[in-house]
Amino acid sequence: MVRMRDGSAGDADYGVIARTYTDHRKPEPRIAALLHAALGGARTVLNVGAGAGSYEPSDRDVTPVEPSASMRARRPAHLPAAVDATAESLPFPDGSFDAAMTTFSVHQWSGLSRGLAEVRRVTTGPVAVLTCDPALVRDFWLYEYCPKVLDTEASRYPAPSALAEGLGGTTTVTRVPIPLDCSDGFNEAYYGRPEALLDPGARQACSAWSFVDEAAHSRFHEDLSRDLRDGTWDARHGHLRALPELRGSLVLVVSTPDGPNGP
């Protein structure tokens, strides 16, 4: 496995992305509640691709794993220090944790099947994966303005069926509602606040934008700015400004092992 200078193990350089990440990617409490409920009564929780600690439950014993030194450095002091490791090679004995979680991370794993097998190996109970369904990402209005961003996302995110196959057991897939005032700035979080995506820092905090060249960034900014000024965007999508929540591509995949630790 090739790791980038700061340790990033996927195809995106979190040494760059991390510069604005914590400014724009603040955990959304309503999404966190769904994720934490999926962990059941677990006391010990593994968080893979933990980043700066978003969505880590404060009432559990969490062990975070994060390969990027830049992201590890942005973890608040009240959170446990993250272990420098990757999903594909977890430095823990079999059955070390009651549950596991990973948020916006599986698309960064260089070996998905190996990573899922490792997470299942060290986890006796549920594994909760917050991710996006690649079959749904192009349904967002952003596709009209910068299709390469969502084409990139669609090519990187694994299908929920692949996650279910890799984790085994009994799997549920739930579309997660995204609130209009969502504090976690992934692309769809701005479905009713398009002006926010004109901020280069907001785009930098979403890894798919790192695969888009500066010319595409400029065209996006010019085209969206124009359509917001002359009312074109609102004529097409203005109803989204008042939509309380969007059911877009965000999904929660939960795998529970069959047998004594299952449901």
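The values are calculated or read from the model by the stated rules, or taken from the named source; none is laboratory data. Predicted model only: the values in this text are computed from it and were never measured. Glycine gets a Cβ as well: all are built from the backbone with ideal geometry, and neighbour counts include every protein chain shown.
Overview of results
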item	result
Number of the exception - ALA154 against (1) in a helix (DSSP H, G or I); (2) closer than 18 Å to VAL254 by Cβ; (3) small (Gly, Ala, Ser); (4) within 15 Å of the chain's Cα centre (by Cα)	(2)
Of all residues making up the stretch 56-77, the number that are crowded, with 24+ Cβ neighbours inside 10 Å and hydroxyl-bearing (Ser, Thr, Tyr)	1
Enumeration of residues in the stretch 155-164 that are of a type in the set (A, V, I, L, M) and either crowded, with 21+ Cβ neighbours inside 10 Å or modelled with pLDDT under 95 (or both)	LEU163
Whichever residue in the stretch 93-106 is buried (at least 16 other Cβ atoms within 10 Å of the Cβ) and small (Gly, Ala, Ser) and, among such residues, is farthest from the chain's Cα centre (by Cα)	SER96
Residue under evaluation ALA81, criteria (1) of a type in the set (Gly, Ala, Ser); (2) farther than 13 Å from GLY49 by Cβ; (3) buried (at least 23 other Cβ atoms within 10 Å of the Cβ), criterion not met	(3)
Enumeration of residues in the stretch 230-245 that are of a type outside the set (Asp, Glu), within 16 Å of GLU144 (Cβ to Cβ) and not in a loop (DSSP other than H, G, I, E, B)	THR232, TRP233, ALA235, ARG236, HIS237, GLY238, HIS239, LEU240
Criterion violated by VAL173 - all others in (1) part of a loop (DSSP other than H, G, I, E, B); (2) under 19 Å from ALA38 (Cα atoms) satisfied	(1)
Selected residue (only one of THR63, THR44 is farther than 26 Å from GLU153 by Cβ, of a type in the set (Val, Ile, Thr) and touching a Phe, Trp or Tyr at 6+ places or on another chain (Cβ under 6 Å))	THR44
Failed item, numbered, when THR102 is tested on (1) at positive phi; (2) in contact with a Gly (Cβ under 9 Å, 6 or more places away or on another chain)	(1)
First in the stretch 248-263 and polar (S, T, N, Q) and surrounded by fewer than 21 Cβ atoms within 10 Å (Cβ to Cβ), second anywhere and assigned to a loop (DSSP other than H, G, I, E, B) and modelled with pLDDT of 85 or more, Cβ under 8 Å, 6 or more apart	ASN261/THR124; ASN261/GLY125
Pairs with Cβ under 6 Å, 6+ apart, first in the stretch 193-216 and of a type in the set (D, E, K, R), second part of a helix (DSSP H, G or I)	ARG203/TRP209
Per-region count, the stretch 107-123, residues surrounded by fewer than 20 Cβ atoms within 10 Å (Cβ to Cβ) and out of contact with any strand residue (DSSP E or B) (no Cβ under 7 Å at 6 or more places or on another chain)	7
Among the candidates SER113, SER96, SER155, residue that is without any contact (Cβ under 8 Å) to a residue 40 or more places away in the chain and over 21 Å from ALA33 (Cα atoms)	SER155
Criterion: of a type outside the set (S, T, N, Q), at pLDDT below 95 and assigned to a loop (DSSP other than H, G, I, E, B) - qualifying residue of GLY201, GLY262, GLY192, GLY248	GLY262
Residue satisfying all of: in the stretch 61-74; at pLDDT 90 or above and part of a loop (DSSP other than H, G, I, E, B); nearest to VAL119 (Cα to Cα) among these	GLU66
Contacts under 7 angstrom Cβ, first residue in the stretch 128-141 being under 17 Å from ALA162 (Cα atoms) and free of Cβ contacts under 8 Å to residues at least 40 places away in the same chain, partner hydrophobic (A, V, I, L, M, F, W, C) and in a strand (DSSP E or B), 6 or more apart	none
